[in-house]
1. Can you find a residue that is in contact (Cβ under 8 Å) with a residue 40 or more places away in the chain and small (Gly, Ala, Ser) anywhere in the stretch B:215-223?
2. State whether the residues of the stretch A:196-203 include one that is over 17 Å from B:Val3 (Cβ atoms) and not β-branched (Val, Ile, Thr).
3. For the condition without any contact (Cβ under 8 Å) to a residue 24 or more places away in the chain and outside the structural domain of B:Asp226 (by the TED database), what is the one hit in B:Thr88, B:Thr179, B:Thr101, B:Thr107?
4. Any chance you could count how many residues in the stretch B:223-243 are of a type outside the set (Val, Ile, Thr) and out of contact with any Asp or Glu (no Cβ under 9 Å at 6 or more places or on another chain)?
5. Quick check: is even one residue across the stretch A:129-151 within 9 Å of another protein chain (Cβ to nearest Cβ), assigned to a loop (DSSP other than H, G, I, E, B), on the phi < 0 side of the Ramachandran plot and out of contact with any His (no Cβ under 7 Å at 6 or more places or on another chain)?
6. Among residues belonging to the stretch A:209-250 that are within 7 Å of another protein chain (Cβ to nearest Cβ) and farther than 28 Å from B:Leu97 by Cα, point out the one that is least open to solvent (accessible area, probe 1.4 Å).
7. Conditions: (1) more than 30 Å from A:Asp229 (Cβ to Cβ); (2) at pLDDT 95 or above; (3) assigned to a helix (DSSP H, G or I); (4) open to solvent by 20 Å² or more (accessible area, probe 1.4 Å). A:Ala70 meets all but one. Number of the miss?
8. Testing A:Thr169 on (1) under 21 Å from A:Pro10 (Cβ atoms); (2) modelled with pLDDT of 95 or more; (3) among the β-branched types (Val, Ile, Thr), one condition comes back false. Which one is that?
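The values are calculated or read from the model by the stated rules, or taken from the named source; none is laboratory data. Note that the coordinates shown come from a computational prediction; the quantities given were computed from them, not determined experimentally. Cβ atoms come from the backbone with ideal geometry, glycine included; neighbour counts cover every protein chain shown. Ligands, DNA and RNA are stripped out before the accessible areas are found, and what is left, the full protein with its side chains, is counted by its heavy atoms. Shrake-Rupley method; radii C 1.70, N 1.55, O 1.52, S 1.80 Å.
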2 protein chains.
Amino acid sequence: MEVFAVPDLPEFRPGDSIPDLIEARADLRPDDVVCVASTVVSKVEDRVADLSDFPAGPRAREIAARLERATGDEKDPRFAQAVLEESTDLLMEAPFLLTETRFGHVTVNAGIDRSNVPGGDLLLLPRRPSESAARIETGLTADRVIVTDTCGRPFRHGQRGVAIGWAGTPAARDWRGETDREGRELGVTVQAVVDELAAAANLVAGEGAGGTPVVVVRDFDFGDHDGSDALFRDVEGDFVRQALRGWSYE
Amino acid sequence: MEVFAVPDLPEFRPGDSIPDLIEARADLRPDDVVCVASTVVSKVEDRVADLSDFPAGPRAREIAARLERATGDEKDPRFAQAVLEESTDLLMEAPFLLTETRFGHVTVNAGIDRSNVPGGDLLLLPRRPSESAARIETGLTADRVIVTDTCGRPFRHGQRGVAIGWAGTPAARDWRGETDREGRELGVTVQAVVDELAAAANLVAGEGAGGTPVVVVRDFDFGDHDGSDALFRDVEGDFVRQALRGWSYE
């Protein structure tokens with residue numbers, strides 16, 4: 001398996017064709033997996049916004065005040081308002097705002113980016129990243145597309161690449177029913193391959209000014225397995241989320 | 001970056017030299033990252049055990065009974081005893097046993113494997129995986145070694161590869177102080193590269209009888225960054241763990 005960045009991509013602008021810009025710089029093959037950073041998708045889909053677009057309501061002001069108390073830093077209630085509008089559930093309000101986005105991804109600040117935003121204060125995540133992935137895939141020689149993000153996680157320090165949208169591939173592959181060398185059924189049954197592909201891509205993507213937002217994974221073999229598309233857990237099956245419901249920082 | 005499995009490895013046995021078995025089958029280079037599945041390390045370090053090695057104490061019987069009530073499945077209190085002896089903290093007792101291992105990794109059942117165990121009932125994780133990684137590295141042409149595991153996570157379905165031990169590389173690379181194209185400081189600062197390398201390796205490793213437990217990542221460039229080795233969070237900085245402390249399944 002090979003993992004390489006697509007070189008010399010320009011700054012992406014609203015309305016740009018992501019497939020055209022990639023195809024002009026990479027000789028893709030049908031079974032390539034093309035991993036596109038969500039920032040690029042957001043810029044093309046014009047998900048740039050200003051803080052002034054989000055006049056803060058009482059809930060946002062309450063959250064910002066609570067975050068100020070918890071962190072000692074000044075917090076803009078309009079930013080809290082933007083996070084609320086992008087979210088369907090708040091998992092934690094302090095010492096940071098952990099929410100579920102409208103498409104099911106759990107991340108800090110609904111994944112809203114305040115760096116690398118030309119022409120605005122905020123870069124919101126794509127509205128429906130799997131639909132974005134499908135649109136990009138239509139214009140590419142490659143049959144598999146993943147929209148990636150980076151985020152932190154419980155239990156382990158540091159951020160890692162994750163998938164927030166995908167097309168042309170199931171999210172996970174299923175080893176159920178397969179056996180080990182001793183003939184016992186496997187304990188590990190569902191492998192979140194799109195997250196692993198996003199993590200691999202993130203190793204060569206880099207960050208910031210020198211970052212390369214599109215990475216190709218070549219010769220990844222999904223193999224002869226069942227697939228599934230459930231990547232985001234429901235509250236019902238996620239005991240950590242249930243625990244967070246009853247918890248408060250202060 | 002290239003990711004490939006080391007072919008034709010035999011079943012590993014206690015006392016085998018992992019470096020020798022790898023070097024005989026792969027033409028390694030100094031800057032390769034060699035990812036070794038923890039199962040292999042455990043077999044070589046003779047971490048195979050029998051349930052009868054763990055006579056259940058009162059706490060283990062209590063936990064097993066609680067798991068039986070929660071799941072409706074029969075649970076062996078000796079298995080709960082084995083998990084307790086491998087753990088320093090219990091994060092969840094039901095509906096499954098989530099613990100912190102003695103070396104800081106949070107995982108279900110302290111990572112004890114009940115499949116793929118020749119000559120025993122249980123395969124325990126290596127005692128100190130980073131020391132194992134350092135020992136393996138000493139015998140290899142490659143300068144970087146990661147001991148990998150697979151485990152699930154909150155918020156997202158499915159398992160993915162993670163690092164549980166590493167040598168010759170920091171666990172994470174630090175982007176602090178670097179700026180984006182607009183000159184703003186980067187939001188994402190610490191990238192858990194060893195986890196991303198383990199995830200990439202897991203894409204080609206596979207599971208079960210056809211699985212390949214050693215994978216090489218070639219031409220991964222860590223770059224000119226500070227590194228850090230803190231991969232496992234302390235309870236103090238992990239709000240999800242704090243929330244789990246006050247939570248109970250029943």
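1. yes
2. Narrowing the stretch A:196-203 to residues over 17 Å from B:Val3 (Cβ atoms): none.
Checked the stretch A:196-203: no residue is over 17 Å from B:Val3 (Cβ atoms) and not β-branched (Val, Ile, Thr).
3. Details: B:Thr179 fails: outside the structural domain of B:Asp226 (by the TED database); B:Thr101 fails: without any contact (Cβ under 8 Å) to a residue 24 or more places away in the chain; B:Thr107 fails: without any contact (Cβ under 8 Å) to a residue 24 or more places away in the chain.
Of the residues listed, the single one that is without any contact (Cβ under 8 Å) to a residue 24 or more places away in the chain and outside the structural domain of B:Asp226 (by the TED database) is B:Thr88.
4. Adding up the residues that qualify gives 11.
5. In the first step, residues of the stretch A:129-151 are kept if they are within 9 Å of another protein chain (Cβ to nearest Cβ); the result is A:150-151.
Then drop every residue that is not assigned to a loop (DSSP other than H, G, I, E, B), which leaves none.
So far as the stretch A:129-151 goes, no, none of its residues is within 9 Å of another protein chain (Cβ to nearest Cβ), assigned to a loop (DSSP other than H, G, I, E, B), on the phi < 0 side of the Ramachandran plot and out of contact with any His (no Cβ under 7 Å at 6 or more places or on another chain).
6. The selected residue is A:Phe220.
7. Result: A:Ala70 fails condition (2) only.
8. Checking A:Thr169 against (1) under 21 Å from A:Pro10 (Cβ atoms); (2) modelled with pLDDT of 95 or more; (3) among the β-branched types (Val, Ile, Thr), the one that fails is (1).
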